[in-house]
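So the structure is just underneath, and the comments pick up after that.
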Amino acid sequence: MILSKYIKTFICLLVIYTGLMFLTFLLPNFNLEKNINIAHQMYATDGPYPATIKGFPQTQIDNFTDLEIMAPRMLATDSAIHHAMDMDNYARYWHGYAVVLKPLLSFFEMKDIRLIYNTVVIFLLCYTSYSIATSVNKTSSIAFILSMAAMHVEIFGLSLQISNMFIVMMLFIIFICRNKTALIYSNNIIPLYFFILGSVINFIDLLTAPVASLSIPLIIIILFLYEAKATFISSIKTTILSSISWGLGYGLTWVAKWLIASAILGQNVFLNAIQSMFFRTVGNENYPIHRIDTILNNFTAMFYSEYMLIALAVVLLMAIILKSHISLSLSLPLLFISLIPYIWYTILSNHSQIHTFFTYRAQGGTFMIFLIMLAAIIRPNSFNFRK
């Protein structure tokens, strides 16, 4: 029964994704070609990865992806269905961002689109923070805001490829906050929602920091269960099943794209994708893998010092020891969630090693957990939940 629900949901999602991509490239181009040329000029002027704050690589904008990969691929060079699946020899990704980007780029220049994105990000940041404050508590809302600040949310609107994933993540958090009661009393549905989330993230994302979309909403879910006095087993079960479901949604959607594109294009997209994934996980002679360095580099990009690793470990350890202040049904699930980005860095070491300036954001959930646990230790009454 549960499996059939997942299968039906997955098939529906694939039909929607394929249909949306096809319809997107049936749309007329209007000023698309002109605006793509302007995007090329922006790239020539600003460069591939300009930093908004000099000396802080964490504030680099990914112009290369926005202006040289995403924008040019909005102009179909062949039939709509062929281009939707091939995307100019970039078939291993869904490129679902095109559903929004192509209509926008048909009428607006990239600078205007970035202004639109910035407005959306600011609005969602405020509304998400408000939703967390009213459905969980103010402490958790502040922790969310500070974690977004640590990920330099101020540049999200200037980098479309970074902001797409976080926009979906914030929409999902708003959704779960609005459906809090239903989720608490029907928590068997939670893993299915995370399956859908993982799938949607794979559809729109280009491998930025996708696990942040798992960890941050999952923190909110665990706080819901903690407020409802869920058992330790229930909280751990929800954490593990939701994480696995998110991973399955993300991974299966990716593999499905390779298979669908191979069938439509008549070429072995699957082989090309596997070769790319092999490079992303094990590297090559030019890019040898250094997993420990990769984890440390991403950690210091987020926390600014290796010494923060000690502080983080101490806070989490104290949270587990001080059972009178913090229940194990809260501290242990959060400890598990805090480790998710480092599992990701270990698996996709090459990608996380090369692109530290944006992959460090995968630790957004870890930063949020650090703040929540610190607040719970210093002020135990900060988790007197709203009734």
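The values are calculated or read from the model by the stated rules, or taken from the named source; none is laboratory data. Model, not experiment: these values are computed from the prediction. Reconstructed Cβ throughout: ideal geometry from the backbone, glycine too, with neighbour counts over all protein chains shown.
Couple of notes before you dig in:
- The lone exception for SER79 - which of (1) surrounded by 15 or more Cβ atoms within 10 Å (Cβ to Cβ); (2) closer than 21 Å to LEU20 by Cβ it fails: (1)
- Among the residues of the range 246-277, those identified as farther than 30 Å from PHE224 by Cβ, assigned to a helix (DSSP H, G or I) and not hydrophobic (A, V, I, L, M, F, W, C) are LYS257, SER262, ASN272, GLN275, SER276.
- Evaluation of HIS95 against the conditions (1) over 29 Å from MET277 (Cα atoms); (2) of a type outside the set (Gly, Ala, Ser); (3) in contact (Cβ under 8 Å) with a residue 24 or more places away in the chain shows that the sole unmet condition is (1).
- So LEU192, is it modelled with pLDDT of 95 or more and buried (at least 22 other Cβ atoms within 10 Å of the Cβ): no
- Scanning the range 117-128 for residues being surrounded by 20 or more Cβ atoms within 10 Å (Cβ to Cβ) and hydroxyl-bearing (Ser, Thr, Tyr) gives a total of 2.
- Considering residues of the range 132-148 that are crowded, with 22+ Cβ neighbours inside 10 Å and either touching a Cys at 6+ places or on another chain (Cβ under 6 Å) or of a type in the set (A, V, I, L, M) (or both) only, the residue farthest from GLN363 (Cα to Cα): SER135
- Count of residues meeting criterion [under 29 Å from GLN267 (Cα atoms) and among the basic types (Lys, Arg)] in the range 68-126: 3
- Helices (runs of 4 or more DSSP H) (entirely within the range 1-105) containing at least 3 residues that are polar (S, T, N, Q) and out of contact with any Gly (no Cβ under 7 Å at 6 or more places or on another chain): 2-24, 32-46
- Take the conditions (1) at pLDDT 95 or above; (2) surrounded by 23 or more Cβ atoms within 10 Å (Cβ to Cβ); (3) more than 30 Å from PHE357 (Cβ to Cβ); LEU214 misses just one of them, which is (3).
- Filter result for VAL168 (within 29 Å of ASP46 (Cβ to Cβ) and assigned to a helix (DSSP H, G or I)): yes
- Cβ pairs under 8 Å, 6+ apart, first in the range 102-116 and surrounded by fewer than 18 Cβ atoms within 10 Å (Cβ to Cβ), second part of a loop (DSSP other than H, G, I, E, B): PRO103/LEU27; PHE107/PHE30; PHE107/ASN31; ILE116/PHE108
Residue by residue, here is whether (1) of a type outside the set (Val, Ile, Thr); (2) modelled with pLDDT of 75 or more; (3) surrounded by 14 or more Cβ atoms within 10 Å (Cβ to Cβ) holds:
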residue	(1), (2), (3)
ALA319	yes, no, yes
LEU322	yes, no, yes
PRO333	yes, yes, yes
SER349	yes, yes, yes
PHE370	yes, yes, yes
LYS387	yes, no, no
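- Number of positions in the range 21-55 that are free of Cβ contacts under 8 Å to residues at least 60 places away in the same chain and either among the aliphatic types (A, V, I, L, M) or under 30 Å from ALA301 (Cβ atoms) (or both): 14
- The numbered conditions (1) modelled with pLDDT under 95; (2) crowded, with 21+ Cβ neighbours inside 10 Å; (3) aromatic (Phe, Trp, Tyr) are all true for TRP94 except (1).
- Yes/no for ASN29 being closer than 30 Å to TYR304 by Cβ and surrounded by 13 or more Cβ atoms within 10 Å (Cβ to Cβ): no
- Residue match in the range 162-179 (condition: without any contact (Cβ under 8 Å) to a residue 40 or more places away in the chain and of a type in the set (S, T, N, Q)): yes
- Qualifying positions in the range 117-137 - more than 18 Å from PHE166 (Cβ to Cβ) and without any contact (Cβ under 8 Å) to a residue 12 or more places away in the chain: ALA133
- Some residue of the range 105-117 being under 19 Å from SER213 (Cα atoms) and either touching a strand residue (DSSP E or B) at 6+ places or on another chain (Cβ under 7 Å) or modelled with pLDDT of 95 or more (or both): yes
- Of all residues making up the range 228-245, the number that are over 11 Å from LEU332 (Cα atoms), free of Cβ contacts under 8 Å to residues at least 40 places away in the same chain and part of a helix (DSSP H, G or I): 1
- For THR208, the conditions (1) assigned to a helix (DSSP H, G or I); (2) buried (at least 21 other Cβ atoms within 10 Å of the Cβ); (3) of a type in the set (S, T, N, Q) all hold with the exception of (1).
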